[in-house]
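Below is one structure, written out as structure tokens; the observations come after it.
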Amino acid sequence: MDDRATLPGRRGATGRLVLVVDDDPRVRTVVTWQLEAEGFRVTEAPDGRRALETIERERLDLVILDLALPGVGGLDVLRRLRDGERAAGGTALPVIVLSGRSGETDRIVGLDLGADDYLVKPFSPGELAARVRSVLRRAAPAPPVTAAGLRIDHAAREVFFDGREITMTAKEFDLLAFLAAHPRQVFTRAQLLERVWASAAEWQSEATVTEHVHRLRQKLGPRLVRTVRGVGYRLEP
């Protein structure tokens, strides 16, 4: 067994702590070297069970999570993590999914369960590090947004509309929060895929955006998120 799998971040650096979960020690090594070279601290787990134990024990800043894990699978790890956060009322720990599966279904399931980004193997370690930085920037706490009876608390990931709490999935929240941060600005579906899903039209259907807008309208009414015909969507404050 690779003893590093059970150790906390090994370097004395004060950078953010990232958990790398993959059953292939070569992948863990390459990712660890890249992240440590850029100032991150890294801890590793070779399977889902030890990943969950590390998440419970360590004060992590981000998780890089393979889907094809022995025992507890990657999607199960992500589901348990998000369920636990909702039950505890805590903030969401950023997760980047790594997968050898390039199918759209796996990507959509992972993102709908609350993954912040999705990268298909084989991947560039430099690109992964760039995505880690990007996700951590997006995850930085933002002040509550209030507009037209809508209140979004980013820290608690809660939404209130006309004084009533609205239950949302992780991506519904992310989409609404993004639009609310740019009131009256119109975004195409392709732009929303890139900015909210960290994806692109060639990887994920733009119908994903349409479906999430439809869900927001079901929960918030038809007037808040407007369609700009032939262009995309905007939030009307």
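Here, each number is a calculation from the coordinates, and none is a lab measurement. Keep in mind that this is a model prediction, so the values were computed, not measured. Don't worry about glycine lacking a Cβ; one is built from the backbone with ideal geometry, like all the others, and counts go over all protein chains shown.
With R₀ fixed at 25 Å, the C-beta to C-beta distance from R217 to A92 puts the FRET efficiency at about 0.60. Using R₀ = 45 Å, calculate the FRET efficiency as 1/(1 + (r/R₀)^6) where r is the Cβ-Cβ separation of D112 and A37; round to 0.05. Once rounded, the FRET efficiency stands at 0.85.
A compact globular protein would have a Cα radius of gyration near 2.2 N^0.38 Å; the ratio found for segment 145-235 is 1.02. Charge tally for V159 (other residues, Cβ to Cβ under 15 Å; Lys, Arg +1; Asp, Glu -1): +2. Other residues lying with their Cβ under 9 Å from the Cβ of R223 contribute a combined charge of +1, Lys and Arg counting +1, Asp and Glu -1.
For segment 3-138, would you read off the P(r) tail past 22 Å as a percentage of all alpha carbon pairs? It works out to 29 percent of all Cα pairs. Of the trypsin sites (Lys or Arg not before Pro) found in segment 24-60, those in coil by DSSP whose Cβ has at most 12 other Cβ atoms within 10 Å are R59.
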